[in-house]
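Novice: Pasting in a structure now, in structure tokens, and then I'll have a few things to ask.
No lab work stands behind these numbers, since they all come straight from the coordinates. Treat the numbers as computed from the prediction; the structure is a model and nothing was measured. Note that each Cβ is placed from the backbone with ideal geometry, even for glycine, and that neighbours are counted across all protein chains shown.
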């Protein structure tokens, strides 16, 4: 469920980064207010635990496949929502940076999808409501499974919305929803089972561990609802831009800052100077660099088929790649030569 | 990755903030290209290649990690050729559909962004990275959380592996565990982790921990940082605005005259 950068547009990535950064600041403030020194090492070590727990698999009867713990729910049960959100955010950041699991630009989306929903929706609204204080039995198991399903369904829907809004994948919205939601229904059941099994064990072995350190849930649900509303509006706004026009993110920001559809260089100054210089030095007289990437052309849904352009694009692309590799190779050779002398 | 982060090259000596900002600028530049673009992305490969060479980072280790993470992008990207079958490109008598073109674009973007993120870590190291993040305004609590998580990742990970190994040695075969066994195994690991956190807290408290984690590594931005970030960002802007690869191709093949 970790989204990669390759499928996200800067507008969507940036929006979700903003939403997530706001949440991180808010949670950091809340955890600080709890003023419990024990939280610092506990959060770090439990983050490491989640990492490890995701390596341990159990078999799902009658299917031949296996599943593991997701993390968000059990962290919230142990640490409370604010600290749990921060831990999930740190786990996803380390996964993105060290294990290439999920992209950096997509990090905002990933933290929101996998951290916000379990900590602020599934746990307080579903798990607490059903399980109350039950530490075993039907209540615990049904609460875990239902909460895990809801959390993952919301997260998966987030992935679909963000991918569709980015407009890089061609997967139609409906097809993508039909692909993602059922898969995550199954994953949700599995994650719920895993969570309940661990919670039931801890409840038997050491019940006091299950009292969240930094408060059980937000005292009022207003900030949660507000946060959801704001993100829904933001997401909706992003989606509608992309649905209504095919402006890409950069064009949009250009339009926003300059008030015009395309950025036009001023007639005097650097742009004009460069254009003149280019006219003079161009090795191919009728060949305009600028023309080839003008936003008009980009906005065209079906690029015109032109054999010449295609071949030159491929040849140029391959050679540029080779040149880039060569630059790296030369630099490396220089370094090793310097070391030897 | 840890060892790479401790190397001492001009690239490693740059301020962490510089490298973070440049990498983010790079990723935004890559992602802002239109969806059918492949050739214009190629000059951007200069960035990871130059960084790998000047930071003494072995290409193999980065490539392996990129390949390891590829399946998700591959999974979603593979639908593009399916849904988008209009002809976008012809080479001789062969026609390539827009879907394959955008699929290729997705994979190139993927390789660029993932390798850039990995190289950022490999040429900075987690300690400098977190200090840099904090200096850039990330809440200290979160920066410290990242450091703690990274520090105990391997400790708890090894503990988990030992537990799995002992279960495997006591049972025939090495298939996945039954849910019941899983619950108590993972629960035990959780309790052990929490005990460890308690011990860490005690040892921190006995050394004078007062709830504030102090980060010592304060670094200053120098002229090298300005040149590095400024130079690369200028390069990204040029590549974003002019299709250098296409220009080179046209010049070499004589098309577009």
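Novice: Given a 10 angstrom Cα cut-off, can you work out which residue in B:106, B:126, B:227 is the most mobile in a GNM of chain B?
Specialist: Result: B:227 has the largest fluctuation of those listed.
Novice: Compute from the Cα atoms of the range B:139-206 the Rg and the Dmax, the latter being the longest Cα-Cα distance, and quote both in angstrom.
Specialist: 15.2, 49
Novice: Another question, if that's okay. May I have the convex hull volume per residue, in Å³, for the Cα set of the range B:95-193?
Specialist: Values: hull volume 20.8 nm³, N = 99.
Value for the range B:95-193: 210 Å³ per residue.
Novice: Please report, for the Cα atoms of the range A:1-96, the Rg to one decimal and the Dmax as a whole number; what are they, in angstrom?
Specialist: In order Rg, Dmax, the Cα atoms of the range A:1-96 give 15.8, 48 Å.
Novice: Give the average, rounded to an integer, of partner chain Cβ atoms located within 10 angstrom of each Cβ in B:201-210. Before the final figure, lay out each step's value.
Specialist: Working: counts 7, 2, 1, 4, 3, 0, 0, 0, 3, 1.
Per residue, the number of nearby Cβ atoms from other chains is 2 on average.
Novice: Can you give the FRET efficiency to the nearest 0.05 for residue B:220 and residue B:191, using r as the Cβ-Cβ distance and R₀ = 45 Å? Intermediate results must be reported in sequence, preceding the final value.
Specialist: Numbers: r = 45 Å, r/R0 = 1.00.
For residue B:220 and residue B:191, the calculated efficiency is 0.50.
Novice: Just the Kirkwood number for chain B, please: inverse of mean 1/r across all distinct Cα pairs, in Å, one decimal. Mind showing how you got there, number by number?
Specialist: Values: mean 1/r = 0.0451 Å⁻¹.
The answer is 22.2 Å.
Novice: Does the range B:34-73 come out rounded, prolate or oblate by the C-alpha gyration tensor, with a ≥ b ≥ c the root eigenvalues, rounded set by a/c under 1.5 and, if not, prolate when a/b is larger than b/c and oblate if not? Show your work: numbers first, answer last.
Specialist: Working: a/c = 4.14, a/b = 1.22, b/c = 3.39.
Oblate is the answer for the range B:34-73, as a/c is 1.5 or above yet b/c matches or exceeds a/b.
Novice: Mind checking which of B:190, B:14, B:133 has the largest fluctuation in a GNM of chain B, springs on alpha carbons under 10 Å?
Specialist: Sorting by GNM fluctuation, first place goes to B:190.
Novice: Report the gain in length on full extension from residue A:37 to residue A:183: 0.36 nm times residue separation, minus Cα-Cα distance, nm rounded to one decimal.
Specialist: Numbers: separation 146, 0.36 × 146 = 52.56 nm, distance 4.02 nm.
Length difference between fully extended and current span is 48.5 nm.
Novice: Looking at chain B as a GNM with Cα springs under 10 Å, which of B:183, B:247, B:137 has the largest mean-square fluctuation?
Specialist: B:183
Novice: Using only Cα atoms and rounding to the nearest 10 degrees, what angle (0 to 90) does helix B:223-241 make with the longest principal axis of chain B?
Specialist: So the inclination is approximately 50 degrees.
Novice: Something else about it: As a test of the formula, what do you get for chain B when each DSSP H run with n ≥ 4 contributes -39,500 (n - 2.57) and the sum is divided by the residue count, at 222 nm and rounded to the nearest 500 deg cm²/dmol? Provide the component values of the computation, followed by the final result.
Specialist: On the way: 13 runs with 179 residues, N = 257.
Result for chain B: -22500 deg cm²/dmol, rounded to the nearest 500.
Novice: Before anything else, pin down the relative contact order of chain B: Cα pairs under 8 Å, at least 6 apart, normalised by residue count, whole percent.
Specialist: Numbers: 211 pairs, mean separation 86.3, N = 257.
About 34 percent, as a whole number.
Novice: Residue B:68 versus residue A:329, label points 7 Å from Cα toward the beta carbon: distance in nm?
Specialist: 2.7
Novice: For peptide A:18-28, how many partner chain Cβ atoms fall within 10 Å of a residue's Cβ, on average? Before the final figure, lay out each step's value.
Specialist: On the way: counts 0, 0, 0, 4, 0, 0, 5, 5, 1, 3, 7.
The mean count of partner-chain Cβ atoms within 10 Å per residue comes to 2.
Novice: Ordered by packing density, taken as the mean number of other Cβ atoms within 10 Å over each peptide's residues, highest first, how do A:160-172, A:197-209 rank?
Specialist: Numbers: A:160-172: 22.1, A:197-209: 18.2.
Peptide ranking by packing, descending: A:160-172, A:197-209.
Novice: Which whole number gives the average, over all residues in A:192-198, of C-beta atoms from other chains lying within 10 Å of the residue C-beta?
Specialist: Working: counts 0, 3, 4, 2, 2, 10, 9.
Partner Cβ neighbours, averaged per residue: 4.
Novice: Using only Cα atoms, find the angle between the long axis of helix B:244-253 and the longest principal axis of chain B, and express it within 0 to 90 degrees, rounded to the nearest 10.
Specialist: With both axes taken from Cα atoms, the answer is about 40 degrees.
Novice: Can you sort B:194, B:31, B:169 by how many other beta carbons sit within 10 Å, fewest first?
Specialist: Working: B:194 19, B:31 28, B:169 8.
So the ranking, lowest neighbour count to highest, is B:169, B:194, B:31.
Novice: Another question, then. Hey, can you rank A:145-157, A:175-187 by average C-beta count inside 10 Å, highest first? If you can, show how the numbers build up before the last one.
Specialist: Details: A:145-157: 23.8, A:175-187: 16.2.
Listed from highest to lowest mean packing, they are A:145-157, A:175-187.
Novice: In degrees, nearest 10, range 0 to 90: what is the angle between the Cα axis of helix B:179-206 and the longest Cα principal axis of chain B?
Specialist: With both axes taken from Cα atoms, the answer is about 80 degrees.
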